[in-house]
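S.K.: Okay, handing you the structure first.
No lab work stands behind these numbers, since they all come straight from the coordinates. Remember, predicted model here, so these are calculated numbers, not experimental data. So basically every Cβ, Gly included, is an ideal-geometry build from the backbone, and we count neighbours across all protein chains shown.
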Amino acid sequence: MKLIDRHCSHGAPELDPAALEAHLAALPDWRLVGNRIEREYAFTDYHETIGFVDALAAMIHEQDHHPELRVRYRHCLVAFTTHSAGNAVSMNDFICAAKADAIYEERRA
């Protein structure tokens, strides 16, 4: 099943290094930074940035897995980590990353 078709689950464990590497290869715009994965999205203006943040907020509320966001005029940095997995990266982070990418692509089309 594709990441985008999955749903976050409570108690998701930390991913092992091989799984982490495989999922990062599948989502090449994301990078591992410390104990989280992150991606910066670019937009044409603040209105477009906030539209993305609003769409992202609906998805993360549905998934009950909330990222750290840094919103600027034409950029939004999204970072995921799983607190219940000891502040490490879990499958939930990659599920939400794939869904965030889909939101971004849909809004750019």
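S.K.: Can you name the residue in region 79-106 that is within 14 Å of D16 (Cα to Cα) and in a helix (DSSP H, G or I) and is also farthest from the chain's Cα centre (by Cα) among such residues?
M.R.: The residue in question is A85.
S.K.: Now for a separate question. Report yes if some residue within region 44-59 is among the aromatic types (F, W, Y) and closer than 19 Å to M1 by Cβ; otherwise report no.
M.R.: No, there is no match, as no residue in region 44-59 is among the aromatic types (F, W, Y) and closer than 19 Å to M1 by Cβ.
S.K.: To continue, here is another question. Would you mind telling me which numbered condition in (1) in a helix (DSSP H, G or I); (2) within 17 Å of A79 (Cα to Cα) E40 fails?
M.R.: E40 satisfies every listed condition except (1).
S.K.: When you go through (1) free of Cβ contacts under 8 Å to residues at least 12 places away in the same chain; (2) loosely packed, with under 11 Cβ neighbours inside 10 Å one by one for A57, which number turns out not to apply?
M.R.: (2)
S.K.: All but one of (1) part of a helix (DSSP H, G or I); (2) buried (at least 17 other Cβ atoms within 10 Å of the Cβ); (3) out of contact with any Leu (no Cβ under 8 Å at 6 or more places or on another chain) hold for H65; state the number of the condition that does not hold.
M.R.: Of the numbered conditions (1) part of a helix (DSSP H, G or I); (2) buried (at least 17 other Cβ atoms within 10 Å of the Cβ); (3) out of contact with any Leu (no Cβ under 8 Å at 6 or more places or on another chain), the odd one out for H65 is (1).
S.K.: Suppose we keep only residues that are out of contact with any strand residue (DSSP E or B) (no Cβ under 7 Å at 6 or more places or on another chain) and closer than 20 Å to L32 by Cβ within region 68-93. Which one would you say is surrounded by the most Cβ atoms within 10 Å (Cβ to Cβ)?
M.R.: The qualifying residue surrounded by the most Cβ atoms within 10 Å (Cβ to Cβ) is M91.
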